[in-house]
Structures are given as structure tokens and as C-alpha cells.
Amino acid sequence: MEIFKTIAALQNHLQNQNSRKPVGLVPTMGALHNGHLSLIKTAKAQAATVVCSIFVNPTQFTDAGDLEKYPRPVETDIQKLEQAGCHILFMPEVTEMYPQKEHWHLDIGEIENRLEGEFRPGHYQGVMQIVYKLFVAVKPDLAFFGQKDFQQIRVIEKMVELKNLPIKLVTCPIIREADGLAMSSRNIYLNDAERKHALILSWALLQLKKSFVKEASEKLRQEAIEMITVEPQVKLEYLEIVNMDDLNRDISNPEKGIIALVAAKVGQTRLIDNMILS
Ligand code: AMP
């Protein structure tokens, strides 16, 4: 695996070494787990050259403490990517991606402010800012994202559309631990008790999925909320049932389906999860 820390070196390699097309990009913030590695695997199946980026992007963090303590196990990440057969790792410093103070704003409408956007104002502007920079640096034909961050996919789709980028976005399914907990780089913060309490999120979603009928959606949503709120140390932020088109609550005629999304703090750790209901 080739490792690059600057955009110039990465582009020099991609352009001059005749990297085989199509080029697939898997953007990550590192602390890699099997969820990330499943993206690499899917990328390898669809792209001839796979670039993984590891960059803990400061502009998408809405909590300075969260940014500071975000795990950065670089050596283990490199080993995991080598084993997964990733071709290129792009691992820039903050100054490489943000050499000067810059203003970024892209109006993508209401989707930015719902759900995650409501609880993490400005988060998606930061996400779009870095993903756009990575797209410009790598110029991928394909980019791979996890359903785990479902709203993020819709946001990036909108950005790709508005900026007219010739990039196909590929959504990969959520990888879970054996007991159902969605894999996340933040799971390592959970102590044993919190780890058990956190399970309620995937259980509640699964219960909702099993009993889901559109007509009883609000009743089932309330039941799921109750399941979560009685769990000790779990502080629910939202549990919403929305259409998969623009993530609003009107589920009468969804084109793409219906999804339940949840966010909660377990102890000090903020977790998100979702499940497609129909
Ligand atoms: P992150 O490093 O958390 O920014 O995630 C990088 C990419 O991996 C994003 O596209 C995530 O949606 C995806 N991802 C994170 N966790 C999972 C998971 N459990 N299953 C599948 N994809 C995931």
C-alpha cells in the first residue's frame, strides 16, 4: 500500500503512475473497524484502484472535547488497510487540507437541519467541506459510504448534484457486532455497563422493524422511545421514522422507502444507528 500525506504527492501518483480506473474512494476518520473494512472490500470489488483517506476533520466536530479525544491508532489502521488490500492511503495533516482560514457554505435546504443537523448544527457543512476537498484531491469515479450515517449520504448526494461532480456514490450496509450494536469508532469509549445499555438502540430499532406497519407508525415510534428511555445511562436525542427521500416525517408516499433513525448519549458517548423499515 502506498501512503501519501500531501495532495500533490497523491495526485502525482494517481496521474503519473497510471493508476487503473475506476478509482474508488473510501473516506474515513480512522480508528478502523470491520464497518470501515467492509467499505474497502466493496470498493475493491467495484474499483480497480482503492484509495482510503484517514482524516479527523475538525470542521465537522461540534464539540472540541470530542475532536481532541477522537481515537487515532495510526499504526493499527495502516496494518488493517494493508491486510484488506487497500492500494492507497491518503493521510493528510490538518494544515494540508486547511492551509488557510476559509469560508464554506453550500445551501442544501432543509435536510441539513433535520435529525443530526438539529443536534449538531454546522456538522454537515463541515462534512461537505472535507468530502468536497477529498473529491477534488482524489477525483474518484466512485465513492463509498456507510448506511450507518444515512443522513450523511443524502447530504453528500445533494452536494454532488449541486456541484455537478461526476462521481457515483455507493451505499454499504451497516456492520454490527454479534449482539446487534452498530460498529463505531466511538464504541471503545463505552465501559462494560454502558456497552450493555447501548444495545437498547439496535434492539428498539429491530423491534420497530419487526412490528412495522405504516398506519401504526406513531404508536410504534412511541413504544420504541419508551424502551430506550427506561434504560439507565441512555439519554435519547431523537428517534424518528422518516421517508428515505428527504428524511421528513411524511411517510405516506415514499419513493425510496421508510427508515427509523436514532441518536442517544450512552454515558458520555454519543451513538447513532438506523434501520430501514420498508
Ligand atoms: P467514520 O470514520 O466514522 O467517519 O466513517 C467512515 C465511513 O465508514 C462512513 O461512510 C461511515 O458511514 C462508514 N461506517 C462507519 N461505521 C460503519 C458500520 N458499522 N458499518 C458500515 N459502515 C460504517
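What do you reckon, is Glu194 touching a residue at least 40 places away in the same chain (Cβ under 8 Å), outside any strand (DSSP E or B), outside the structural domain of Gly117 (by TED's automatic domain parsing) and of a type in the set (D, E, K, R)?
Criteria met by Glu194.
Condition first: away from the ligand (no atom under 13 Å from the Cβ) and crowded, with 17+ Cβ neighbours inside 10 Å. Now tell me which residues in the stretch 177-197 satisfy that. Matches in the stretch 177-197: Tyr189, Leu190, Glu194, Arg195, His197. Annotation for the stretch 83-96: at least one member residue is among the polar types (S, T, N, Q) and farther than 20 Å from His33 by Cβ.
Of all positions in the stretch 219-230, at least one carries a residue that is surrounded by 15 or more Cβ atoms within 10 Å (Cβ to Cβ) and over 24 Å from Asp250 (Cβ atoms). The condition of being within 14 Å of the ligand (Cβ to nearest atom), surrounded by fewer than 20 Cβ atoms within 10 Å (Cβ to Cβ) and either in a loop (DSSP other than H, G, I, E, B) or among the aromatic types (Phe, Trp, Tyr) (or both) holds for only one of Arg72, Arg20, that being Arg72.
Filtering the stretch 228-278 to residues that are under 17 Å from the mean Cα position of the chain (by Cα) and of a type in the set (S, T, N, Q) leaves Thr269, Asn274. Which residue out of Thr59, Thr49 is modelled with pLDDT of 95 or more, more than 24 Å from Ala182 (Cβ to Cβ), assigned by TED's automatic domain parsing to the domain that holds Met29 and within 16 Å of the ligand (Cβ to nearest atom)? Of the residues listed, the single one that is modelled with pLDDT of 95 or more, more than 24 Å from Ala182 (Cβ to Cβ), assigned by TED's automatic domain parsing to the domain that holds Met29 and within 16 Å of the ligand (Cβ to nearest atom) is Thr59. Of all residues in the stretch 105-156, those that are away from the ligand (no atom under 14 Å from the Cβ), closer than 19 Å to Leu239 by Cβ and among the charged types (D, E, K, R) total 2. Of the residues examined, Leu32 is not one that is outside any loop (DSSP other than H, G, I, E, B), within 12 Å of the ligand (Cβ to nearest atom) and crowded, with 22+ Cβ neighbours inside 10 Å.
Name the residues in the stretch 234-255 that are within 18 Å of Leu181 (Cβ to Cβ) and surrounded by fewer than 17 Cβ atoms within 10 Å (Cβ to Cβ), would you?
Lys235, Glu237
Residues of the stretch 157-176 that are more than 9 Å from the ligand (Cβ to nearest atom) and either in a loop (DSSP other than H, G, I, E, B) or within 13 Å of Val131 (Cα to Cα) (or both): Glu157, Lys158, Met159, Val160, Lys163, Asn164, Leu165, Pro166, Ile167, Leu169. Restricted to the stretch 1-17, and to residues there that are outside any strand (DSSP E or B) and of a type in the set (A, V, I, L, M), the residue that is surrounded by the fewest Cβ atoms within 10 Å (Cβ to Cβ) is Ala8. Can we say Thr28 is at pLDDT below 95 and among the β-branched types (Val, Ile, Thr)? So Thr28 fails the test.
The values are calculated or read from the model by the stated rules, or taken from the named source; none is laboratory data. No experiment lies behind these values; they were computed from the predicted model shown. Neighbour counts run over all protein chains shown; Cβ positions are idealised from the backbone, glycine included.
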